[in-house]
Each structure stands twice: as structure tokens, then as C-alpha cells.
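This report refers to the structure that appears directly beneath it.
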């Protein structure tokens, strides 16, 4: 079982740390509500007056007690000392909180941007489960308070290299979970959609379109081809995607391509031109423009900065 520390070692809400320093891509997330920024919080569990949604894979940890969630009408219990994950783009709400026998339970939330999660390799069924609306509790020995406090402190320091290490640790944790398995608190309920499907919910159509986009990211992607996957008229498919994801298909595709390009840049073995083309950008000038708009620097500058640090 994961080690449980005294809640006195959990970050205090009355002594906040220094705010993290802005990262190069902060401006992108500030403009794009579909994808939330990476973040970690410690706080007292609390009821939500209404359901809400945001662009993250959310991870919840309770030091004691439990809480009740309603996720798109499905009710479930979040236990203590287990890291619980779900796609926060599905409306959710906390309706009941138990802070444990001493009424001192704290909550830690890790907010992993949806775009970063979708780019993580080798997660297999875990990605399908999250995008299918499932809620999972990772194995007991996955993590403990010690690690979550260290992650929080690293996050609050605002150091770029520590932040990258932190995100790499999260990615490795999820990759291990994909191998070891998990407990389902809510079985995935967003079913697959094909062109022959009749009357699916908007969320199901959008999940099917996202899956197709990720599988064909390096290929030319036309709205007509994406719509054909789910058997919808292109205009209707575009509007449906935007209404559910709060971002157009075009901007979603560009963002996922930029995430891939950033990863390829850090591998260091490909030329800038090959990075662009393997990420799905048909023109180098377009790649440079989109990259600078998102990250504030050119691909060459980002690569140089990264290798200078290491």
C-alpha cells in the first residue's frame, strides 16, 4: 500500500508557494480554453455548486475520507490514498465530502492538459478508457503523499527543467499503469461510432473524430475525411466538434501537431524540416509561424535552449 504521511506535511492552504514562472507556451493556453494549463493544487475538499468541465485529464488524491462525484449523471465514490483519473472535459461535480475521522483530509489535484495526455505514447487502453468516459483508480502502490508533495513543490518553484522532469515522471507513471492495470470506478460508456451509427450523442461523435485525427496526424487531414469517419455532413461535424471541445477541428489538429513537433525536436536526430513534415505540416513556413505563435520562439531556438540546459 502507498505510504500515507501525516497531513501536517501536506502543503498548507494558508502558506501558498511562489507562483510558477510563465512557460513559453503559457500564451497558447491562455487563449485556448479547450486545453487547460498543467497544474497541481492542494486544498480542502469542497462541494461544487454546479457541474463544470475543462480541458484536462484530472487526477484526484485524498489523504483521508472520501467524496462523491457525479460525472455526466453517473455517481461514484472517490476513495482515499488512491490516485483517481478521469477526463474533465465531461461535466462533473462533487456532491458529498467526507474528510475522514479527524476531519483533516486534504485533496491534491493534478491537472494534465488534454493535448499533452493524448500525445503520450504507449498508454493504449488507458487513453481509450479516459476518452470513453471511464474513471479509474490506479494501483495502491502507484504513488503516495511524499511524491505528490515533491511534485507540488517542484511545480511551484517555476523551474523549467524541473517542470519537464515532473511531466516525464507523470508520463512514466501512466505508462506503468497501462501495463499494471487499474480499478474501474466508472466503466467507459462512450461507445465507438462508425459511419453506420445512427443517433449517437455529440460526445461519442467527437471522440471518434479525435481518434481518427490522432491516428492520421502526419497525413493531410481534410474536414470531409474526418466527417466521413462518423457519417456526418462536414459542416455539421465541424460545428459539433467545436461545440463539444471548445476549439475548432483545425486548431485541434494544429495543436496536436505542435505537441508532436516539440517532442521530435528534443529527440535531436531529425532536421527542422523533417520535424515539420513528420508532424503533419506541409510547408516549413507554416510550421515556423504556428510554432512561434504557440511557444513564442522558433523551433530552432527551442531546440538550442533545450540542449544548452542539458
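Quick one: which of 300, 292 is farther than 19 Å from residue 223 by Cα, outside the structural domain of residue 159 (by TED's automatic domain parsing) and in contact with a helix residue (DSSP H, G or I) (Cβ under 7 Å, 6 or more places away or on another chain)? Spell out the reasoning first.
Working: 292 fails: in contact with a helix residue (DSSP H, G or I) (Cβ under 7 Å, 6 or more places away or on another chain).
Criteria check complete, one pass: 300.
Any idea which residue in segment 79-93 is farthest from the chain's Cα centre (by Cα), counting only those that are surrounded by 18 or more Cβ atoms within 10 Å (Cβ to Cβ) and closer than 16 Å to residue 52 by Cβ?
92
Going by what's in this entry, would residue 273 be described as in contact with a helix residue (DSSP H, G or I) (Cβ under 9 Å, 6 or more places away or on another chain), within 30 Å of residue 300 (Cβ to Cβ), surrounded by fewer than 20 Cβ atoms within 10 Å (Cβ to Cβ) and not assigned by TED's automatic domain parsing to the domain that holds residue 124? Walk me through it before giving the result.
Working: in contact with a helix residue (DSSP H, G or I) (Cβ under 9 Å, 6 or more places away or on another chain): yes; within 30 Å of residue 300 (Cβ to Cβ): yes; surrounded by fewer than 20 Cβ atoms within 10 Å (Cβ to Cβ): yes; not assigned by TED's automatic domain parsing to the domain that holds residue 124: yes.
Taking the combined requirement at face value, the residue satisfies it.
Just to verify a result, which residue in segment 117-132, among those that are closer than 19 Å to residue 36 by Cα and either at pLDDT 90 or above or not assigned by TED's automatic domain parsing to the domain that holds residue 72 (or both), is surrounded by the most Cβ atoms within 10 Å (Cβ to Cβ)?
Keep residues of segment 117-132 that are closer than 19 Å to residue 36 by Cα, which gives 117-120, 127, 130-131.
Narrowing the set further to residues that are either at pLDDT 90 or above or not assigned by TED's automatic domain parsing to the domain that holds residue 72 (or both) leaves 117, 127, 130.
On the way: 117: 21, 127: 20, 130: 26.
Ranking the candidates gives 130 first.
In the set 154, 104, which member is modelled with pLDDT of 90 or more and outside any helix (DSSP H, G or I)? Quick ask: steps written out before the conclusion?
Values: 154 fails: outside any helix (DSSP H, G or I).
The unique qualifying residue is 104.
Please tell me if residue 152 is in contact with a strand residue (DSSP E or B) (Cβ under 7 Å, 6 or more places away or on another chain) and more than 28 Å from residue 209 (Cβ to Cβ). Show your work before the answer.
Working: in contact with a strand residue (DSSP E or B) (Cβ under 7 Å, 6 or more places away or on another chain): yes; more than 28 Å from residue 209 (Cβ to Cβ): yes.
Against the criterion (in contact with a strand residue (DSSP E or B) (Cβ under 7 Å, 6 or more places away or on another chain) and more than 28 Å from residue 209 (Cβ to Cβ)), residue 152 qualifies.
Would you call residue 172 assigned by TED's automatic domain parsing to the domain that holds residue 110 and either out of contact with any helix residue (DSSP H, G or I) (no Cβ under 8 Å at 6 or more places or on another chain) or part of a helix (DSSP H, G or I) (or both)? Please lay out each step first, then the result.
Values: assigned by TED's automatic domain parsing to the domain that holds residue 110: yes; either out of contact with any helix residue (DSSP H, G or I) (no Cβ under 8 Å at 6 or more places or on another chain) or part of a helix (DSSP H, G or I) (or both): yes.
The answer is yes for residue 172.
The values are calculated or read from the model by the stated rules, or taken from the named source; none is laboratory data. What you see is a predicted model, and the numbers here were worked out from it, not measured in a lab. All Cβ positions, glycine included, derive from the backbone under ideal geometry; neighbour counts span all protein chains shown.
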